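The values are calculated or read from the model by the stated rules, or taken from the named source; none is laboratory data. Model, not experiment: these values are computed from the prediction. We place every Cβ from the backbone using ideal geometry, glycine too, and count neighbours over all the protein chains shown.
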Amino acid sequence: MIRTSLRRVLVPGIAVLTVAALSACGASNEDGGSDDPSEGGGAATSAGLTGVLKGAGATSQEKAQEAWTIAVQGANDGFEVQYQPIGSTDGRANFVSGAVAFAGTDSALNDEDGQLTAATETCGGEPIQVPAYVSPIAIAFNLPDIDSVQLSADTVAQIFDGKITNWSEITDEQADGVELPDLDITPVHRSDDSGTTKNFTDYLGKAAPDSWPYEAEDAFPVDGEAADGTSGVIQQITSIEGAIGYADNSQAEGLGKVSVGVGDSFVAPSPEGAAKVLEVSPPAEGVSDVDMAVALDRTTTEDGAYPVVLLSYLVACQSYDDEETTANVKGYLEYIVSDEGQQTAASEAGSAPLGEATAAKAQEIVAKIGG
């Protein structure tokens with residue numbers, strides 16, 4: 001049972017993502033659909049939810065959370081989801097403190113920093129952790145009249161470590177007809193602690209170990225141009241000619257994007273490429289039967305795979321002190337991991353739907369909330 005009050009004030013000064021319910025959304029599911037996750041790919045849009053459900057975390061999930069919120073609120077008069085896109089690190093901290101009922105995180109909850117133990121104490125039992133959002137991280141840039149460049153992992157690492165400082169220094173990797181300009185490179189990174197940063201630096205450390213000497217961390221390890229949140233990084237890249245940065249692919253439209261070296265080819269970011277990486281990646285070591293954390297394979301040579309990927313999770317308790325919170329968390333998460341919810345995110349946020357086996361396991365775990 002969760003021990004701390006869910007009425008605590010969240011991080012001050014951060015806007016809460018709330019979405020007005022649209023009557024058309026979820027209309028076909030107002031009967032509540034099946035509650036059996038084995039029927040039709042998980043529960044349809046959950047009905048009978050009331051009150052306010054508070055969550056916080058990954059900015060990568062922001063567009064998907066907005067779409068999921070519209071759908072579920074549309075089927076439930078008087079129900080409101082408040083999701084704060086404050087970053088994975090703060091989202092996990094808010095969950096552990098009991099300030100929110102669920103968290104979104106691009107970096108799996110684990111005990112490297114003691115947060116899994118702390119979350120277990122908060123929940124009064126092992127928290128659940130299920131994948132919700134699979135998406136490529138775009139390495140996005142701003143170069144005049146150039147939409148795509150080809151870069152090896154080593155070149156990307158040297159750029160973000162300040163070792164390559166001008167675009168004209170990069171010659172050998174480009175496709176025919178692409179000539180990079182004599183223009184200073186401005187690498188842009190997140191100023192806030194971020195699961196997207198941890199996924200990006202994890203890729204660099206594993207795919208380019210000779211060129212990236214740093215550990216995978218939520219905080220970017222190199223000084224330079226920085227911006228708050230995904231939207232801040234995109235804004236900085238857009239405003240600085242020659243800039244390059246990393247952000248969820250769904251939010252990098254209108255910018256040039258890097259095709260990264262995979263085996264003997266170069267692969268552009270796509271939901272399909274991200275999904276392939278998840279398919280070939282094993283579970284993380286030592287996870288419980290309600291924890292679906294994955295050890296992403298950053299060095300795969302699978303044809304078409306795009307290894308600069310984030311797998312964003314939802315973290316929640318298996319039970320809560322009050323029935324309303326329990327029902328709200330279960331109902332909302334059931335929709336997110338359902339086939340319908342995954343297709344909604346794919347359509348609205350450009351993510352890759354969970355694979356059949358992964359979705360079935362996530363649906364089974366969520367269905368046991370409150371049981």
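Could you go through the stretch 244-254 and let me know if any residue there is in the same structural domain as Ser148 (by TED's automatic domain parsing), under 26 Å from Leu116 (Cα atoms), free of Cβ contacts under 8 Å to residues at least 40 places away in the same chain and crowded, with 16+ Cβ neighbours inside 10 Å. For the stretch 244-254, residues in the same structural domain as Ser148 (by TED's automatic domain parsing), under 26 Å from Leu116 (Cα atoms), free of Cβ contacts under 8 Å to residues at least 40 places away in the same chain and crowded, with 16+ Cβ neighbours inside 10 Å: absent. Within the stretch 255-296, the set of residues being in a strand (DSSP E or B), of a type outside the set (Lys, Arg) and touching a residue at least 60 places away in the same chain (Cβ under 8 Å) comprises Gly256, Val258, Ser259, Val260, Gly261, Phe266, Asp291, Val294.
Out of everything in the stretch 50-88 that is among the hydroxyl-bearing types (Ser, Thr, Tyr) and crowded, with 24+ Cβ neighbours inside 10 Å, what residue ends up being nearest to Leu333 (Cα to Cα)? Among those that are among the hydroxyl-bearing types (Ser, Thr, Tyr) and crowded, with 24+ Cβ neighbours inside 10 Å, it is Thr69. Please tell me if Asp210 is more than 30 Å from the chain's Cα centre (by Cα) and over 25 Å from Ser135 (Cα atoms). The answer is no for Asp210. Scanning the stretch 218-227 for residues that are buried (at least 16 other Cβ atoms within 10 Å of the Cβ) and within 19 Å of the chain's Cα centre (by Cα) gives Asp218, Phe220, Ala227.
Thr45 meets all of the listed conditions (1) at pLDDT below 95; (2) assigned to a helix (DSSP H, G or I); (3) not small (Gly, Ala, Ser) but one, namely (2).
Is it true that Thr299 is outside any strand (DSSP E or B) and closer than 22 Å to Gly125 by Cβ? In short, no. For the stretch 149-179, a tally of residues being surrounded by 15 or more Cβ atoms within 10 Å (Cβ to Cβ), modelled with pLDDT of 95 or more and of a type in the set (S, T, N, Q) returns 4.
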